[in-house]
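The values are calculated or read from the model by the stated rules, or taken from the named source; none is laboratory data. Since we're looking at a predicted model, the values are computed, not measured. Counting neighbours? That spans all protein chains shown, and the Cβs are built from the backbone with ideal geometry, glycine included. In case anyone asks, the SASA skips ligands and DNA or RNA and just uses the protein heavy atoms, side chains included. Shrake-Rupley method; radii C 1.70, N 1.55, O 1.52, S 1.80 Å.
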Amino acid sequence: MKVLIGTTNPSKVKRFEGFLNDCNIEFYTLKDLGIFTEPKENGKDPKENAIIKAKYYGHFFDVVICNDSGLYFDELPMEDSRQPGLNIRTPQGSKRLDDEEMIDYYSDLIHSLGGKVLAYYLDGIAVNNRGKIYSFMESTEGIKADAFYMVDTPSEKRHKGWPLDSISLNKDTMTYFVDQGNNIYDITEENIMLGEYRKRLIKFLKIALGIES
């Protein structure tokens, strides 16, 4: 099966390759296909944005997987303008931040909030399988069980494409996501993406792709 991952982020491609590594899938990226346009993402949450992208890129390829993420600080009300939400790289209407600018911005914000915050991602996934749309997103309550800390002192290590891993800590071990054993996008390691959530996500992907009923 050939599948387009609707992203230019190599870390996201690696993530889905890891989830579906036993399924004989040949993955393509937007860059592979020379797709440089993108839809306007005006959904109210990550799942709606993932669906918008899956519908759009479905005009270019038969089977498409897209995802979108929102970052939320438990200490901030949802309506607070400092809440990252869907605008992780463009916080408070700023220009699009590169990786190092993101680390600087969020380190400063977290410092203003006391130096450490409890954070969680809402992750929306959508699959366009020959015009039929499937979507998946955990509830906020379920995701909070896998919440983590973000701090104002960055690690010197970096995960390209995932800059905030350098200021994010595993809540149980208090070690950075960039440290060995905490790479949340490498499923061969023990990390916070393992467990029931990952099982549900993989099951959703396999059903949406028609790999299992």
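Using only Cα atoms and rounding to the nearest 10 degrees, what angle (0 to 90) does helix 10-19 make with the longest principal axis of the chain?
With both axes taken from Cα atoms, the answer is about 70 degrees.
In whole angstrom, note down how far apart the Cα centers of the stretch 2-45 and the stretch 96-146 are.
Using only Cα atoms to place each centre, the spacing works out to 17 Å.
Rounded to a whole number, what % of the accessible area of the chain do carbon and sulfur atoms account for, probe 1.4 Å?
Working: 5180 of 10780 Å².
The C+S portion of the solvent-accessible surface of the chain is 48 percent.
Name the shape class, rounded, prolate or oblate, that the alpha-carbon gyration tensor gives for the stretch 1-51, where a ≥ b ≥ c are the square roots of its eigenvalues, rounded holds for a/c under 1.5, and otherwise prolate holds if a/b is larger than b/c and oblate otherwise. Before the final figure, lay out each step's value.
Working: a/c = 2.36, a/b = 1.48, b/c = 1.60.
It comes out oblate by the Cα gyration axes.
Please give, to one decimal in nm, the separation of the simple spin-label points placed at His111 and Asp80, each 7 Å out from Cα toward the Cβ.
Result for the modelled spin labels: 1.8 nm.
In whole Å, what three semi-axes, largest first, describe the equivalent ellipsoid of the chain built from its Cα gyration tensor (square root of 5 times each eigenvalue)?
After diagonalising the Cα gyration tensor, the semi-axes are 28, 19, 16 Å.
Output ³J(HN,Hα) for the stretch 55-70: one whole-Hz value per residue in order, computed from phi by the Karplus curve 6.51 cos²θ - 1.76 cosθ + 1.60 with θ = phi - 60°, and x for Gly and Pro.
Karplus-based 3J(HN,Hα) across the stretch 55-70 equals 5, 5, 6, x, 6, 9, 8, 5, 10, 9, 10, 10, 9, 9, 10, x Hz.
Given the convex hull of the Cα atoms of the stretch 80-170, what is a quarter of its surface area in nm²? Write out the running numbers ahead of the final one.
Working: hull surface 30.0 nm².
For the stretch 80-170, the mean projected area of the Cα convex hull comes to 7.5 nm².
Taking a probe of 1.4 Å, how large is the accessible area per residue of the chain, in Å²?
Counting only protein heavy atoms, the per-residue value for the chain is 51 Å².
With θ set to phi - 60°, apply the Karplus curve 6.51 cos²θ - 1.76 cosθ + 1.60 along the stretch 109-119 and write out the HN-Hα couplings as whole Hz, x wherever there is a Gly or Pro.
These are the phi-based 3J(HN,Hα) values: 4, 5, 4, 5, 9, x, x, 8, 10, 8, 10 Hz.
Quick check on my link table: of Lys157/Lys199; Lys12/Lys47; Lys132/Lys206; Lys12/Lys171, which ones sit more than 18 Å apart, alpha carbon to alpha carbon?
Working: Lys157/Lys199 29 Å; Lys12/Lys47 16 Å; Lys132/Lys206 14 Å; Lys12/Lys171 23 Å.
In this structure, Lys157/Lys199; Lys12/Lys171 lie more than 18 Å apart at Cα.
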